Amino acid sequence: MKYKVGMYGGSFDPLHLGHIHNIIKAAALCDTLYIVISWCQGRESTSKELRYRWILNSTNHLPNVKIIMVEDTAATKEEYDANNCWETGARDIKVKIGEPINAVFCGDDYRGTNRFESLYGPEAEVVYFPRGEVPVSSTEIRQQPSKYWGYIPQVCKAYYTKKVLVVGGESTGKSTLVQNLALAYNTNFVGEVGRETCQYAGGEELMIAEDLHENLLKQRIYVDEAAKHSNRILFVDTDALTTKFYADFLLGAGSHAAEQCGDLALAIHNINQWDLVFFLEPTVAFIQDGTRNEEIAAHREKYSGQIKTLLTENGVDFICLSGDYGERFAAAQKIIEEKLGIATNW
């Protein structure tokens, strides 16, 4: 190796492919390469723990890469530049590494500033990498992740995936809309988990509390896993609050079983995060597939209203979609572009 100990630092907020390219090149030149995550509580858009795991899981195949974290207390980057924070940071980094640093790697936008030469020289050589090799910055990704999606490492994409929830009463076309949108945006979706458990039980009237518990827990896991492999946006059919509605409807509102299920549903609801929620009005024909409830079929507006009330009571902002399948699909696309800045064209 050319250097015994090298150092490459930054906030990595977020990590992007430009960072990855530099890490690969720097690691190839060093016996040991230290990646230094600079963090400041409250100033960055992502936590230090999240950035640590992004880098860890991008470099765990490189045995000579080590990751350390160094805190700074500047409220802004301007304050960091003005208050000798660079000097303080360099001292902290040297203490944490605990051995002589032979090379410091940075982007060539620092060339000519004497920044790193003054902090680490003459013991360390400053090695510049071309900043324009991967034409993106963390700032650009923070501002428009969808626009720069191709520069976001796979390990980071779940964090930036927008989650669109589709809810409504029974047989209002949720699964059709979710699947159509997933096709149109070239991404994936999470279907209604309850369909599987309902079919296994033999129909809604035969479902028990454990089936609803399974729906709640599985859906949470499925959403988290699907977000890791989505293309900018993820569509989800049905949420925990809708399952709470069915717990009251099927198990009897006020029963111990319904209350237990409701507690679990609310706990999951409180950790769910949706970027957009569509509520489908019962304006398409009810389709009886052999598992759906005839009571709900006979009083669609009534039960749709109950689900809406449940959503509102629990702080969910939703946009109602009505009309036929095509009208709702077109309306959803327009709203997604307006609210999330994501279109079906690239």
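Inspect all residues belonging to segment 326-343 and state whether any of them is touching a residue at least 60 places away in the same chain (Cβ under 8 Å), out of contact with any helix residue (DSSP H, G or I) (no Cβ under 6 Å at 6 or more places or on another chain) and either farther than 20 Å from Ala182 by Cα or open to solvent by 60 Å² or more (accessible area, probe 1.4 Å) (or both). Yes, the conditions are met somewhere in segment 326-343. Among the residues making up segment 194-210, those that are assigned to a helix (DSSP H, G or I), surrounded by fewer than 21 Cβ atoms within 10 Å (Cβ to Cβ) and in contact (Cβ under 8 Å) with a residue 40 or more places away in the chain are Arg195, Gln199, Glu204, Glu205, Ala209. Assessment of segment 249-265 against the conditions (open to solvent by less than 10 Å² (accessible area, probe 1.4 Å) and within 20 Å of Ser171 (Cα to Cα)) yields no matching residue. With the condition kept exactly as written, say whether any residue in segment 49-69 is farther than 21 Å from Val126 by Cα and modelled with pLDDT under 95. No, every residue in segment 49-69 fails to be farther than 21 Å from Val126 by Cα and modelled with pLDDT under 95. Is it true that some residue in segment 7-14 is polar (S, T, N, Q), crowded, with 19+ Cβ neighbours inside 10 Å and touching a Phe, Trp or Tyr at 6+ places or on another chain (Cβ under 8 Å)? The answer is yes; a qualifying residue exists.
For segment 116-161, filtering for residues that are in a helix (DSSP H, G or I), under 18 Å from Ile233 (Cβ atoms) and either open to solvent by 80 Å² or more (accessible area, probe 1.4 Å) or not aliphatic (A, V, I, L, M) (or both) leaves 10. For segment 215-254, the set of residues classified as closer than 16 Å to Gln306 by Cα and among the small types (Gly, Ala, Ser) consists of Ala240, Ala247, Gly252, Ala253, Gly254, listed by residue number.
Tell me yes or no: at least one residue of segment 275-290 is within 18 Å of Arg220 (Cβ to Cβ) and open to solvent by 30 Å² or more (accessible area, probe 1.4 Å). Yes, there is a match, as at least one residue in segment 275-290 is within 18 Å of Arg220 (Cβ to Cβ) and open to solvent by 30 Å² or more (accessible area, probe 1.4 Å). Scanning segment 124-171 for residues that are at pLDDT 95 or above and among the acidic types (Asp, Glu), which turns out farthest from Val104 (Cα to Cα)? Checked segment 124-171; the qualifying residue farthest from Val104 (Cα to Cα) is Glu140. State whether one or more residues within segment 230-244 are open to solvent by less than 30 Å² (accessible area, probe 1.4 Å), in contact with a Phe, Trp or Tyr (Cβ under 9 Å, 6 or more places away or on another chain) and free of Cβ contacts under 8 Å to residues at least 60 places away in the same chain. No, segment 230-244 contains no residue that is open to solvent by less than 30 Å² (accessible area, probe 1.4 Å), in contact with a Phe, Trp or Tyr (Cβ under 9 Å, 6 or more places away or on another chain) and free of Cβ contacts under 8 Å to residues at least 60 places away in the same chain. Residues of segment 96-105 that are part of a loop (DSSP other than H, G, I, E, B) and β-branched (Val, Ile, Thr): Ile101 alone. Out of Thr172, Thr176, Thr113, one residue alone is assigned to a loop (DSSP other than H, G, I, E, B) and either aromatic (Phe, Trp, Tyr) or open to solvent by 30 Å² or more (accessible area, probe 1.4 Å) (or both). It is Thr113. When segment 27-50 is filtered for residues that are open to solvent by less than 30 Å² (accessible area, probe 1.4 Å), in contact with a Ser or Thr (Cβ under 8 Å, 6 or more places away or on another chain) and over 23 Å from Glu99 (Cβ atoms), only Cys40 remains.
The values are calculated or read from the model by the stated rules, or taken from the named source; none is laboratory data. Being a predicted model, the structure only gives us computed values, none of them experimental. Methodologically, a virtual Cβ is constructed for each residue, glycine included, from the backbone with ideal geometry; neighbour enumeration extends over all protein chains shown. Ligands, DNA and RNA are stripped out before the accessible areas are found, and what is left, the full protein with its side chains, is counted by its heavy atoms. Shrake-Rupley method; radii C 1.70, N 1.55, O 1.52, S 1.80 Å.
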